[in-house]
Amino acid sequence: TYLSATSVYGDKKGKWVDEKSNTNPTSENGKARLYAEKQWINLFNKKNIPVQIFRLAGIYSKENNVLFRLKNGKLKIVNKKNHFFSRIHVEDIANILKLSLTKFKSGEIYNISDDMPCSNVEIANFASNLTKISLPQLIEPDEIKSEILENFYKDSKKVSNNKIKEVFSYKLKFPTYKEGLRAIFNNFT
(Lines give C-alpha, C1' and ligand atoms only; values in the text may rest on other atoms or scores of the structure.)
Protein backbone atom coordinates (compact mmCIF):
# COMPACT_ATOMS: atom_id res chain seq x y z
CA THR A 1 0.00 0.00 0.00
CA TYR A 2 1.44 3.35 -1.06
CA LEU A 3 0.18 6.52 0.64
CA SER A 4 0.27 9.30 -1.92
CA ALA A 5 -1.33 12.75 -1.86
CA THR A 6 -4.07 14.61 -3.71
CA SER A 7 -1.40 17.12 -4.76
CA VAL A 8 -0.89 14.84 -7.79
CA TYR A 9 -4.02 16.39 -9.35
CA GLY A 10 -2.59 19.91 -9.40
CA ASP A 11 -4.80 22.96 -9.74
CA LYS A 12 -8.34 22.28 -10.94
CA LYS A 13 -9.68 25.80 -10.29
CA GLY A 14 -12.02 24.58 -7.54
CA LYS A 15 -13.60 21.79 -9.61
CA TRP A 16 -14.17 18.23 -8.41
CA VAL A 17 -11.60 15.50 -9.04
CA ASP A 18 -11.87 11.75 -8.72
CA GLU A 19 -9.49 8.88 -9.36
CA LYS A 20 -10.08 9.14 -13.13
CA SER A 21 -9.19 12.85 -13.30
CA ASN A 22 -6.04 13.94 -15.10
CA THR A 23 -3.00 14.44 -12.92
CA ASN A 24 -0.93 17.59 -13.39
CA PRO A 25 0.94 18.39 -10.17
CA THR A 26 2.25 21.93 -9.69
CA SER A 27 4.46 21.34 -6.63
CA GLU A 28 7.69 19.36 -6.40
CA ASN A 29 6.04 17.19 -3.74
CA GLY A 30 3.10 16.46 -6.04
CA LYS A 31 5.45 15.60 -8.91
CA ALA A 32 7.46 13.27 -6.66
CA ARG A 33 4.27 11.56 -5.43
CA LEU A 34 3.03 11.01 -8.99
CA TYR A 35 6.43 9.61 -10.03
CA ALA A 36 6.32 7.18 -7.08
CA GLU A 37 2.75 6.14 -7.97
CA LYS A 38 3.85 5.35 -11.52
CA GLN A 39 6.75 3.27 -10.24
CA TRP A 40 4.43 1.23 -8.00
CA ILE A 41 1.95 0.69 -10.85
CA ASN A 42 4.85 -0.41 -13.09
CA LEU A 43 5.80 -3.01 -10.47
CA PHE A 44 2.21 -4.22 -10.40
CA ASN A 45 2.00 -4.40 -14.21
CA LYS A 46 5.42 -5.99 -14.82
CA LYS A 47 5.87 -8.24 -11.77
CA ASN A 48 2.26 -8.72 -10.64
CA ILE A 49 3.17 -7.35 -7.21
CA PRO A 50 -0.02 -6.48 -5.25
CA VAL A 51 -0.27 -2.69 -5.01
CA GLN A 52 -2.91 -0.25 -3.80
CA ILE A 53 -2.47 3.52 -3.90
CA PHE A 54 -4.29 5.92 -1.60
CA ARG A 55 -4.26 9.65 -2.39
CA LEU A 56 -4.66 11.43 0.93
CA ALA A 57 -6.20 14.88 1.30
CA GLY A 58 -4.89 17.28 3.97
CA ILE A 59 -4.48 15.23 7.14
CA TYR A 60 -5.49 16.50 10.56
CA SER A 61 -5.52 14.82 13.96
CA LYS A 62 -5.87 15.61 17.65
CA GLU A 63 -2.14 16.47 17.67
CA ASN A 64 -2.05 18.53 14.45
CA ASN A 65 -5.00 20.74 13.59
CA VAL A 66 -6.28 24.28 13.09
CA LEU A 67 -7.40 24.55 16.74
CA PHE A 68 -3.84 24.13 18.04
CA ARG A 69 -2.40 26.51 15.43
CA LEU A 70 -5.02 29.11 16.39
CA LYS A 71 -4.40 28.62 20.12
CA ASN A 72 -0.60 28.82 19.66
CA GLY A 73 -0.69 31.88 17.37
CA LYS A 74 0.70 29.92 14.40
CA LEU A 75 -2.38 29.97 12.18
CA LYS A 76 -1.81 31.62 8.80
CA ILE A 77 -4.88 32.47 6.73
CA VAL A 78 -4.25 33.56 3.17
CA ASN A 79 -6.73 35.89 1.50
CA LYS A 80 -7.43 33.92 -1.67
CA LYS A 81 -10.93 33.82 -3.14
CA ASN A 82 -12.42 30.54 -4.37
CA HIS A 83 -9.62 28.41 -2.93
CA PHE A 84 -10.98 24.95 -2.10
CA PHE A 85 -9.21 22.02 -0.54
CA SER A 86 -10.12 18.71 1.02
CA ARG A 87 -9.02 17.17 4.27
CA ILE A 88 -9.32 13.93 6.24
CA HIS A 89 -9.07 12.94 9.88
CA VAL A 90 -6.26 10.48 10.62
CA GLU A 91 -8.71 8.05 12.28
CA ASP A 92 -10.67 7.75 9.03
CA ILE A 93 -7.43 7.07 7.15
CA ALA A 94 -6.54 4.27 9.59
CA ASN A 95 -10.03 2.75 9.38
CA ILE A 96 -10.01 2.75 5.57
CA LEU A 97 -6.51 1.25 5.38
CA LYS A 98 -7.56 -1.53 7.76
CA LEU A 99 -10.64 -2.26 5.61
CA SER A 100 -8.50 -2.25 2.48
CA LEU A 101 -6.55 -5.23 3.76
CA THR A 102 -9.67 -7.40 3.68
CA LYS A 103 -10.88 -5.99 0.34
CA PHE A 104 -7.50 -5.62 -1.36
CA LYS A 105 -7.81 -4.87 -5.09
CA SER A 106 -4.42 -4.72 -6.68
CA GLY A 107 -3.68 -1.92 -9.13
CA GLU A 108 -6.38 0.37 -7.71
CA ILE A 109 -6.08 4.02 -6.75
CA TYR A 110 -8.35 5.60 -4.14
CA ASN A 111 -8.85 9.12 -2.83
CA ILE A 112 -9.24 9.48 0.93
CA SER A 113 -10.99 12.73 1.83
CA ASP A 114 -14.00 13.90 3.80
CA ASP A 115 -17.36 15.01 2.39
CA MET A 116 -16.89 18.77 2.65
CA PRO A 117 -14.14 20.49 0.67
CA CYS A 118 -13.98 24.18 1.54
CA SER A 119 -11.71 27.16 1.99
CA ASN A 120 -9.17 27.58 4.75
CA VAL A 121 -11.03 30.75 5.79
CA GLU A 122 -14.19 28.70 6.40
CA ILE A 123 -12.32 26.23 8.62
CA ALA A 124 -10.53 29.04 10.49
CA ASN A 125 -13.83 30.80 11.16
CA PHE A 126 -15.30 27.57 12.51
CA ALA A 127 -12.27 27.07 14.78
CA SER A 128 -12.49 30.66 16.00
CA ASN A 129 -16.19 30.32 16.83
CA LEU A 130 -15.55 27.03 18.63
CA THR A 131 -12.61 28.26 20.72
CA LYS A 132 -13.69 31.91 21.09
CA ILE A 133 -10.16 32.89 19.98
CA SER A 134 -9.87 35.78 17.53
CA LEU A 135 -8.48 35.06 14.10
CA PRO A 136 -5.14 36.50 13.01
CA GLN A 137 -5.07 39.09 10.26
CA LEU A 138 -5.36 37.69 6.74
CA ILE A 139 -2.20 37.67 4.67
CA GLU A 140 -2.05 38.17 0.93
CA PRO A 141 -0.72 35.42 -1.38
CA ASP A 142 2.39 37.48 -2.20
CA GLU A 143 3.20 37.73 1.54
CA ILE A 144 3.59 33.97 2.03
CA LYS A 145 7.01 33.12 3.42
CA SER A 146 6.66 29.32 3.65
CA GLU A 147 7.22 27.08 0.63
CA ILE A 148 4.77 24.53 2.06
CA LEU A 149 2.06 27.17 2.46
CA GLU A 150 2.84 28.62 -0.96
CA ASN A 151 2.43 25.18 -2.56
CA PHE A 152 -0.82 24.64 -0.64
CA TYR A 153 -2.32 27.80 -2.13
CA LYS A 154 -1.24 27.01 -5.71
CA ASP A 155 -3.94 24.36 -6.10
CA SER A 156 -7.70 24.59 -5.68
CA LYS A 157 -9.78 21.43 -6.00
CA LYS A 158 -12.53 19.40 -4.37
CA VAL A 159 -11.62 15.74 -3.93
CA SER A 160 -14.34 13.12 -4.34
CA ASN A 161 -14.39 10.20 -1.89
CA ASN A 162 -17.18 8.25 -3.62
CA LYS A 163 -14.94 5.33 -4.59
CA ILE A 164 -13.81 4.50 -1.03
CA LYS A 165 -17.41 4.62 0.15
CA GLU A 166 -18.55 2.27 -2.60
CA VAL A 167 -15.65 -0.20 -2.63
CA PHE A 168 -15.18 -0.44 1.15
CA SER A 169 -18.78 0.32 2.20
CA TYR A 170 -17.22 2.85 4.54
CA LYS A 171 -19.08 5.51 6.49
CA LEU A 172 -16.72 8.28 7.63
CA LYS A 173 -16.37 8.70 11.37
CA PHE A 174 -15.74 12.41 10.71
CA PRO A 175 -17.66 13.22 7.50
CA THR A 176 -16.68 16.90 7.68
CA TYR A 177 -14.14 19.05 9.48
CA LYS A 178 -16.94 20.16 11.81
CA GLU A 179 -17.38 16.74 13.43
CA GLY A 180 -13.63 16.21 13.52
CA LEU A 181 -12.79 19.57 15.09
CA ARG A 182 -15.66 19.33 17.59
CA ALA A 183 -14.38 15.93 18.74
CA ILE A 184 -10.86 17.33 19.09
CA PHE A 185 -12.11 20.42 20.91
CA ASN A 186 -14.19 18.35 23.33
CA ASN A 187 -11.05 16.38 24.24
CA PHE A 188 -8.71 19.38 24.54
CA THR A 189 -6.49 19.14 27.58
Which distance in nm do the two modelled labels at LYS154 and ALA94 give, with both placed 7 Å along the Cα-to-Cβ direction?
3.2
Taking 0.36 nm per residue of separation and subtracting the Cα-Cα distance, what length does fully extending SER106 through LYS31 add?
24.7 nm
Count the DSSP beta bridges whose two residues both fall in the chain, then state the antiparallel fraction as a percent rounded to the nearest 5.
5
With just the Cα atoms defining each centre, how far is the range 169-189 from the range 123-152? Give it in Å.
20
J(HN,Hα) series, the range 62-78, from Karplus relation 6.51 cos²θ - 1.76 cosθ + 1.60, nearest Hz, glycine and proline x
5, 8, 9, 7, 5, 5, 5, 5, 5, 4, 8, x, 10, 6, 10, 10, 8
Skipping prolines and chain starts, which residues have an amide H placed within reach, meaning under 5 Å, of the one on CYS118, given they are 5 or more residues away or on another chain?
PHE85
Collect residues whose amide H, placed 1.01 Å from N in the peptide plane, falls under 5 Å from the amide H of ILE139; neighbours closer than 5 in sequence don't count.
ILE77, VAL78, ASN79
Please calculate how many Å² of accessible area the chain carries per residue, with a 1.4 Å probe and no DNA, RNA or ligand atoms counted.
56
Along the Cα→Cβ direction, 7 angstrom out, place labels at ASN24 and ASN45. What is the inter-label distance in nm?
2.2
Among ILE77, ILE144, ILE59, which one shows the highest mean-square fluctuation when the chain is modelled as a Gaussian network with alpha-carbon springs under 10 Å?
ILE144
Among (1) 1.03; (2) 0.98; (3) 0.94, the entry that matches Rg/Rh (Cα atoms, Kirkwood Rh) as calculated here:
(2)
Built amide H within the under 5 Å cut-off of VAL17, gap 5+:
LYS158, VAL159, SER160
Approximate spin-label separation PHE185-LYS81, in nm, with each point projected 7 Å along Cα-to-Cβ:
2.9
Based solely on its DSSP helices, what 222 nm [θ] is calculated for the chain when runs of n ≥ 4 H residues each add -39,500 (n - 2.57) and the sum is averaged over all residues, nearest 500 deg cm²/dmol?
-11500 deg cm²/dmol
Net charge within 15 Å of VAL51 by Cβ-Cβ distance, Lys/Arg positive one each and Asp/Glu negative one each, not counting VAL51 itself?
+4
With all protein chains present, the chain has a carbon and sulfur share of its accessible area (1.4 Å probe) in percent of 52
If you count, for each residue, the other Cβ atoms within 10 Å and average over each peptide, how do 164-173, 113-122 line up from highest to lowest?
113-122, 164-173
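The values are calculated or read from the model by the stated rules, or taken from the named source; none is laboratory data. All figures in this text were calculated on a predicted structure; none of them were measured in a lab. Glycine gets a Cβ as well: all are built from the backbone with ideal geometry, and neighbour counts include every protein chain shown. Ligands, DNA and RNA are stripped out before the accessible areas are found, and what is left, the full protein with its side chains, is counted by its heavy atoms. Shrake-Rupley method; radii C 1.70, N 1.55, O 1.52, S 1.80 Å.
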